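Take a look at the structure set out below.
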Amino acid sequence: MDSLVFDIAHLLAGGLVLVSFMLLYQDRLYALLNIFALHALVLALSVAWQAFIQNAPHLYVTAAIALVFKAIIIPVVLHRIIQRLGIHREIETVVGIGLTMIAGIGLVALSMVVMLRVTAAADPLAREDLAFALSVVLLGLLMMVTRRNAVSQVIGFMSLENGLVLAATGAKGMPLVVEISVAFSILIAFIVIGIFLFRIRERFDTVDIHALDRFRGERR
Amino acid sequence: MVIRHRERHESMGAMPVAAILWCVASLLVAGVFSVVLGRRAGFHRVTYGASLTACSVALFSAGADLTLYGGAASTLTLPLGLPWLGAHFRLDALAAFFLVVVNLGGAAASLYGLGYGRHESAPHRVLPFFPVFLAGMNLVVLADDAFTFLLSWEFMSLTSWALVMAHHQDRDNVRAGYIYLVMASFGTLALLLALGLLAGPGGAYGFEAIRAADHTPGIVALVLALILIGAGSKAGLVPLHVWLPLAHPAAPSHVSALMSGVMTKVAVYGFVRIGFDLLGEPTWWASMIVLALGGITAVLGVLYALMQHDLKRLLAYHTVENIGIIFIGLGLALAFQANGMGWAAALALTAALFHVLNHSLFKSLLFFGAGAVLTATGERDMEHLGGLIHRMPYTSFAFLVGCVAISALPPLNGFVSEWLTFQAILQSPQLPQWGLKIMVPAVGSLLALSAALAAACFVKAFGVAFLGRARTAAADQAQDVDCFSLAAMFLFAALCLIAGILPGPVMDGLSPVTLALLGDRMPVQMGVPWLSIVPIAESRSSYNGALVFVFIAMSAGLAVYVIHRFASHAVRRAPAWDCGFPDPSPVTQYTAGSFAQPIRRVFGTLVFRAREQVEMPPPGDARPARLHVDMKDLVWDILYAPVATAIGFAADRLNHLQFLTIRRYLSLVFLALVTLLLVLALWP
Amino acid sequence: MILDLFVQGAQMVLVLLLAPLLTGFVRKVKARLLRRQGASVFQPYRDLLRLLRKDIVLAENASWLFRVTPYLVFAATWVAAALVPTIATGLMFNWTADLIALIALLASARFFLALAGMDVGTSFGGIGSSREVMIASLAEPAMLLIVFTLALVAGSTQLSTVAAFMASPAVGLRVSLGLALMALIMVAIAENARIPVDNPATHLELTMVHEAMVLEYSGRHLAMIEFAASLKLLLYVSLIACVFVPWGLAVSDAGLAAYIVGAVAYAGKLAAGGFLLALFETAVAKMRVFRVPEFLGAALMLGFLGTLLLFVSRSL
């Protein structure tokens, strides 16, 4: 029974890595938002399972926050923003999707090697979950680096934050007050980004970052 | 510490070595006679007949030594070469196996040459060098000291260069010969340095002395790098492979078969002999380098092959891929040996050596087929061929067997060596080093990718050249070739089938080699019921080529019988359906370039920077649209072009030394003298 | 010994009889989901019989390879399908070919089919063959990596051993197996020429890969090839069932009751697999051709990730 409990935790953490790869694979914006909702859902399930294993009721609140805010509210609001701004719904990537996936695999391998070597003496359940969480963080960073569209960069940033939450819950200690503050700061950052996107769109008629470069002024 | 079970059997004296040396001597004599009498009409029959007999005798002696005597060592020293050293020759298990490979290829090429040699336009440029080339390869495998080894290696390179330059009127052949000569000299230099380092300051050139000596880890690392460069460039490891696709197609077809199928294996022998036998205990990071090189070579080789439309160049690039697969097996063997897992190392080494044998069989067969096509149509370019299966039925059947074998499809032999390599990869999670834990699955996926791409490559080669409709008049009027060429091709096709159905005896034949090199062997295969092979244990995995073949034959036969008996067996001929718009012009069928286009889109944009440009004339304009494909060879651009430019630059600068005054030359001499005296004064 | 032979023979006949039924079932479910009545589930049998009795119309320049290929393809696929445990593990000849050999048998069937597509020398055959080898060049390595993952978990590449291990409680819920399952479903869709990779129902040039290769076949040759395609679908569904849903498989030398339970379980697994396939095909649109390498590249990555996790840690 014990190993089944561990296995389900690993399965959910591995599922989060899998959904991060699915985020990297998408080439349409609405599909990306749906997959991000799935990402947040898997995170909520994972946190809830950790709460069950560790007998830590405050983690249930964390799971609920993840579910309500990140799986429901944020995707819906982003959906509305995209519709109102009329952003064209194809995601341009810097390098092809195949190369991005290969880089993603390399990052997962790197995080597995680093985490499993460095924490050789620690609790086996926590080690592997930490390794998966580091993978999710790195994949979120990869997404931010290889996408030109500002909306997909925001999604990448939020999936990175999901990875951090996974790491924090896995490591057995995350007081609720930290989570609330993190959640609110995310919300505020997101509102600010939304306002900026509106202003950028008004001014430049596009949210492609390349276009913004042209208006930066000469290098001195 | 692993105890090396070398010299288990008593030495056999000198008789088996002497037998093979007599064969070598007769090959050399045949070469000398061909210099004098080569221009006589029909003399090629004498030369090729002589080399066929010599190679067959050598083949049987080496085979007997391996199977009947279990690879017992026999040595001989001849008073040739350096006066205080002599020439040492040794026939042990490893040498016996590679002699079997070399002489099997040599015998088949001689048989092929009996028929093919009739069409040779410059026999006096080919006939003297052919038997001498075979002699050189045999000598490399037999050599037991550094001097003989290097001398035979250079001999082999020079004779093959002469054969590449046989048709020197063609500018491309001259360029190919030049690049080959440069790369061969570079490789020999690397081997010279490696053997010099191993011999040490005492000058102990004999391999016995090198085996017994202790080498520091620094020397071992340096020697390994040098033999990877030296033997690897001759075998065709990326990035030192550039000469291979230029030189192999330029030679006459039976020589191409020898160069691709046999000479590359002699290079592998050089690596195995020095890397496994002389260097002693391997280190795990050495295996990582070999694995990485093998994996990259395998994938790049087959991707290059897919983009070719010259039949022989495609086959030459494909040799590069197979060398990659062999080096993957060798790297795995090194990794297992370094970690003390002798049984797994034996499995990996058996897989690599089995692939050596298999590749020499099917690559020679394919080159023989390409030579037959060249003889019959005068074309090497696939885009000018097509429909040959109707005009040359026997050649196309043998070529088809070669294509199926090289694509690693059961029940032929290519599948067996690949299956064994995969089984070796499945043993490697037990390796403790982290680098290997990441590298081995990556290399395994590269191997799987290269196997699938190889099948694609040969569907293209056979489909465009032999199937479909003839694209030119030359292809339409082709005739099948003579009986000697066909005999050589069918012999190898039969051997491919036999090695696929009966892999157990081959694996048992390889066990003396693994015992001598690694101190361990795979379980005995001859006793397994139903002729299966069981690499580790019955419960882990097993494969039975014979039964798979029987099942497929029975199922197909049953289906044919039932249908022809109970359903219809009527056949009507009509024009092709082609969705109702059949086009009589053969130009509308797929060409080699168009067949490779999907794969070029997927892999080529990254590996070759392939870019397509379409010139579409405006509406109303009746000109045809044009498609340009632009591909770059990144290895050449990144590595060779800068090196060539740098050498040219340095040579230009140094040219000034030719035009100094007498006073300047005298002052150079004076300066050198003073510097040497200063060094002597300051030496502690 | 006689009983084992009988079970093996029964398995070979069973896959042959069930394959067209599965195809008919999938078509029926798809039709019902589109609010059509659809043809009867036994229609593929009638189609095969009709084709078997018709004359063959051969192109004038078709070679002997073109005539031999349908039988070779059928034989290779039938031998492969006969080695996948359906009702019981421990088939008598399971030691002749393991999972890797199974994949290679399917690869040889595909090799000959691609050659046959090139044989008549039309542009449609070339399209089909070139796209098919592109898909195969990614699907086959993905399948091999899935096999590696399974072999590393179960400790063997023999399919019966793998199925027996997966049915035992020792396996646990592993991440690598989850990844392998996803990758196997993606590869199965690609190999069986199903939506979203290829459309088995149309004959339009834009959408066809498999249909383009067999465009020139007619009569009993076409019947053999369609039969082989149905067998391949049955093989993949049985493979997924016996590896990932192995409960109900009868162990060898069990009593008659165990075999009956195995048969009922197998029928249920086939029905579930067919239903899910039909549902998926109806819900998803076909990808354009050059999105397929990315799809299969993702499957390759998943397989590689599963293998890598097993190399790096024993419990993943």
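The values are calculated or read from the model by the stated rules, or taken from the named source; none is laboratory data. Being a predicted model, the structure only gives us computed values, none of them experimental. Using ideal geometry, Cβ is built from the backbone for each residue, glycine included, and neighbour counts are taken over all protein chains shown. Side chains included, ligands, DNA and RNA excluded: accessible areas come from the protein's heavy atoms. Shrake-Rupley method; radii C 1.70, N 1.55, O 1.52, S 1.80 Å.
Among the residues of the range C:39-58, those that are more than 14 Å from chain B (Cβ to nearest Cβ) and either open to solvent by less than 30 Å² (accessible area, probe 1.4 Å) or in contact with a Phe, Trp or Tyr (Cβ under 9 Å, 6 or more places away or on another chain) (or both) comprise C:V41, C:P44. The listed residues are C:A75, C:A139, C:A88, C:A82, and the only one of them that is more than 7 Å from every other protein chain (Cβ to nearest Cβ), within 22 Å of B:Y561 (Cα to Cα), open to solvent by less than 10 Å² (accessible area, probe 1.4 Å) and out of contact with any Cys (no Cβ under 9 Å at 6 or more places or on another chain) turns out to be C:A82. Does any residue of the range B:304-321 turn out to be charged (D, E, K, R) and not in a helix (DSSP H, G or I)? Checked the range B:304-321: at least one residue is charged (D, E, K, R) and not in a helix (DSSP H, G or I).
The set of residues in the range B:413-450 that are facing chain C (nearest Cβ under 9 Å) and open to solvent by 10 Å² or more (accessible area, probe 1.4 Å) comprises B:E418, B:L426, B:P429, B:W434, B:K437, B:I438, B:A442, B:S445, B:L446, B:L449.
Results for (1) at positive phi; (2) of a type outside the set (A, V, I, L, M); (3) surrounded by fewer than 24 Cβ atoms within 10 Å (Cβ to Cβ), shown as yes or no for each residue.
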position	(1), (2), (3)
B:F466	no, yes, no
B:A470	no, no, yes
B:D480	no, yes, yes
B:F484	no, yes, yes
B:L491	no, no, yes
B:L495	no, no, yes
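Residue count for the range B:429-468, restricted to those that are under 15 Å from C:V147 (Cα atoms) and hydroxyl-bearing (S, T, Y): 1. The criterion of at least 3 residues that are at pLDDT 90 or above is met, among helices (runs of 4 or more DSSP H) falling completely within the range B:113-165, by B:129-142, B:146-164. When B:D170 is tested against (1) farther than 26 Å from B:G378 by Cβ; (2) open to solvent by 10 Å² or more (accessible area, probe 1.4 Å), only condition (1) is not met. Taking each residue of the range C:109-133 that is within 8 Å of another protein chain (Cβ to nearest Cβ) and looking for partners that are in a loop (DSSP other than H, G, I, E, B) and of a type in the set (D, E) with beta-carbon atoms closer than 7 Å, six or more apart or interchain, yields C:V120/C:E216; C:F124/C:E205; C:G125/C:E216; C:I127/C:E205. Summed over the range A:117-173, the residues that are acidic (D, E) and open to solvent by 50 Å² or more (accessible area, probe 1.4 Å) give a count of 1.
Candidates B:A455, B:A487, B:A478, B:A494: the one that is out of contact with any Cys (no Cβ under 8 Å at 6 or more places or on another chain), within 22 Å of B:S364 (Cβ to Cβ) and free of Cβ contacts under 8 Å to residues at least 24 places away in the same chain is B:A494.
The set of residues in the range B:375-405 being β-branched (V, I, T), open to solvent by less than 10 Å² (accessible area, probe 1.4 Å) and more than 9 Å from every other protein chain (Cβ to nearest Cβ) consists of B:T395 alone. If you go through the range A:53-83 and keep only what is in contact (Cβ under 8 Å) with a residue 40 or more places away in the chain and among the charged types (D, E, K, R), you end up with just A:K70.
So which helices (runs of 4 or more DSSP H) stay within the range A:1-76 end to end and still have 1 or more residues that are open to solvent by 20 Å² or more (accessible area, probe 1.4 Å) and within 14 Å of chain C (Cβ to nearest Cβ)? Of the helices (runs of 4 or more DSSP H) lying wholly inside the range A:1-76, those with at least 1 residues that are open to solvent by 20 Å² or more (accessible area, probe 1.4 Å) and within 14 Å of chain C (Cβ to nearest Cβ) span A:2-25, A:29-54. I'm trying to understand the selection: among the residues of the range B:81-93, which are open to solvent by 30 Å² or more (accessible area, probe 1.4 Å) and at pLDDT 80 or above? Scanning the range B:81-93 gives a single hit, B:H88.
Exactly one residue among C:I195, C:I240, C:I189, C:I185 is within 23 Å of C:P20 (Cβ to Cβ), within 14 Å of chain A (Cβ to nearest Cβ) and either open to solvent by 10 Å² or more (accessible area, probe 1.4 Å) or in contact with a Pro (Cβ under 8 Å, 6 or more places away or on another chain) (or both), and that residue is C:I185. Note on the range C:94-108: among residues that are touching a residue at least 60 places away in the same chain (Cβ under 8 Å) and at the interface with another protein chain (Cβ under 7 Å from one of its Cβ atoms), the one that is surrounded by the most Cβ atoms within 10 Å (Cβ to Cβ) is C:D98.
The single residue among B:V635, B:V587, B:V571 that is more than 30 Å from C:A101 (Cβ to Cβ), in contact (Cβ under 8 Å) with a residue 24 or more places away in the chain and within 14 Å of chain C (Cβ to nearest Cβ) turns out to be B:V587. Contact map, the range C:279-306: residues that are within 22 Å of B:L447 (Cβ to Cβ) and within 11 Å of another protein chain (Cβ to nearest Cβ) paired with residues that are open to solvent by 30 Å² or more (accessible area, probe 1.4 Å) and of a type outside the set (K, R), Cβ distance under 6 Å, separation 6+ or inter-chain. Pairs shown: C:P293/B:V602; C:G297/A:G98; C:A298/A:Y25; C:L302/C:M182.
Within the range B:535-562, the set of residues being more than 9 Å from every other protein chain (Cβ to nearest Cβ), among the aromatic types (F, W, Y) and touching a residue at least 24 places away in the same chain (Cβ under 8 Å) comprises just one member, B:F549. Can we say B:A344 is touching a Ser or Thr at 6+ places or on another chain (Cβ under 9 Å), open to solvent by 10 Å² or more (accessible area, probe 1.4 Å) and not aromatic (F, W, Y)? In short, no. Do the conditions hold for C:V175, that is, is it among the hydrophobic types (A, V, I, L, M, F, W, C) and within 19 Å of the chain's Cα centre (by Cα)? Taking the combined requirement at face value, the residue does not satisfy it. Taking the criterion of being assigned to a loop (DSSP other than H, G, I, E, B) and open to solvent by 10 Å² or more (accessible area, probe 1.4 Å), the residues of the range C:59-72 that qualify are C:E60, C:N61. Scan the range B:544-554 and tell me whether some residue there is surrounded by 21 or more Cβ atoms within 10 Å (Cβ to Cβ), closer than 21 Å to C:A82 by Cα and touching a strand residue (DSSP E or B) at 6+ places or on another chain (Cβ under 7 Å). Among the residues of the range B:544-554, not one is surrounded by 21 or more Cβ atoms within 10 Å (Cβ to Cβ), closer than 21 Å to C:A82 by Cα and touching a strand residue (DSSP E or B) at 6+ places or on another chain (Cβ under 7 Å), which makes the answer no.
To keep it simple, each residue is scored yes or no on (1) small (G, A, S); (2) open to solvent by less than 20 Å² (accessible area, probe 1.4 Å); (3) modelled with pLDDT of 90 or more.
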position	(1), (2), (3)
B:V266	no, yes, yes
B:F276	no, yes, no
B:P282	no, no, no
B:I289	no, no, yes
B:L293	no, no, yes
B:T297	no, yes, yes
B:L314	no, yes, yes
B:I323	no, yes, yes
B:G329	yes, yes, yes
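Of all the residues in the range B:94-123, those that are within 14 Å of B:L361 (Cα to Cα) and surrounded by fewer than 17 Cβ atoms within 10 Å (Cβ to Cβ) number 0.
Scanning the range C:142-165 for residues that are of a type in the set (V, I, T) and either free of Cβ contacts under 8 Å to residues at least 12 places away in the same chain or open to solvent by 10 Å² or more (accessible area, probe 1.4 Å) (or both) yields C:V153, C:T161.
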